[in-house]
Amino acid sequence: ARMRAEAGAGAHQSGSGTGPARKRISRTTPASARSIHSMRRGRRFCSTAATSRLVSKIGRPTSALSTERSLDFLRAKGLDAEDLLLVSILVKTNAGVESIDVSGNGFGAGGAESLVAIVRSSPQLSKLDASQNNLRASAALLAEAAASHGSLRSLAMSANAIGASACTAIGEALAAAAGGSGLAELNLSHNAFGRAGGGLAAVPGLSSLRLASCAVGAAGTTELASSRRPVEQPLATSTTRPRHVP
């Protein structure tokens, strides 16, 4: 009996020893951890309280996000990153949405991943306005999603505090799209990225490029002129400071 008890205790210790090992393994798989974390966040933000808060802000039932083709009513509703996460979950079932305007909400870089999710889950989306949201460098993530979308024709990200490196990343993402991004209109006005804006001349297929108050300068203007596409003025002489929602 004593031997069986000792054997049982040893087995218990051996089994309990695998617990920490499993935890260590799970910690070495960040993709899985992020996936689980995202699901938990999704369930939390689909709560009654979060849904009620969103409805009070947009003045529409949540069913509108899953059914209407135009979601331009999301403009300037005071949405934060948590609200946008819930929006992305609800829009995921709306395969027919064609236009989304989330400008003027100021949700910051924390809402960028939700915006990317919205773009990727909306195959018919042709117009997206994400201006005045203080996206900063995360605007490049949205450009990457736009580049591989195929149906998106108009993208506005004006007044988002986009700097030179982010502007370069945006241009590279759109220029590298296989077969072209399909994007025809790009609005990056009121972002002080300076001469880096000239690199946008490499983006193929654009019929309209808006860079007002971006301080592109003479050198950047020369690069853009070589692309022979319409560019909104003024470019080189503007001293207007870029606007963004803090």
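A short reminder: the numbers here are calculations on the coordinates, not readings from a lab. Since the structure is predicted, the reported quantities are computational estimates derived from the model, not experimental observations. Glycine gets a Cβ as well: all are built from the backbone with ideal geometry, and neighbour counts include every protein chain shown.
Couple of notes before you dig in:
- Net +/- balance of residues flanking Lys57 in space, Cβ distance below 12 Å, scoring K and R +1, D and E -1: +1
- Computed FRET value (nearest 0.05) for Ala218 with Ala50, which takes r as the C-beta separation and R₀ as 41 Å: 0.25
- Cα-based shape type of the range 62-136, given that a ≥ b ≥ c are square roots of the gyration tensor eigenvalues and the cut on a/c is 1.5: prolate
- Per-pair calculated FRET efficiency, R0 = 41 Å: Ser66 and Ala202 via Cβ, rounded to 0.05: 0.60
- Positive minus negative residues near Lys127 (Lys, Arg vs Asp, Glu; Cβ under 10 Å): -4
- Shape of the range 142-217, Cα gyration tensor, a/c cut at 1.5: prolate
- Applying 0.36 nm per residue to the separation of Asp80 and Ser148 and subtracting their alpha-carbon distance, the gain on full extension is 21.9 nm.
- Rg [Å, one decimal], Dmax [Å, integer] - the range 53-186, C-alpha atoms: 13.7, 42
- A simple spin-label model places pseudo-atoms 7 Å from Cα toward Cβ; at Glu98 and Arg120 they are separated by 2.6 nm.
- Viscosity 0.692 mPa s, temperature 37 °C, Stokes-Einstein D of the range 174-221 from Kirkwood C-alpha radius, µm²/s: 296 µm²/s
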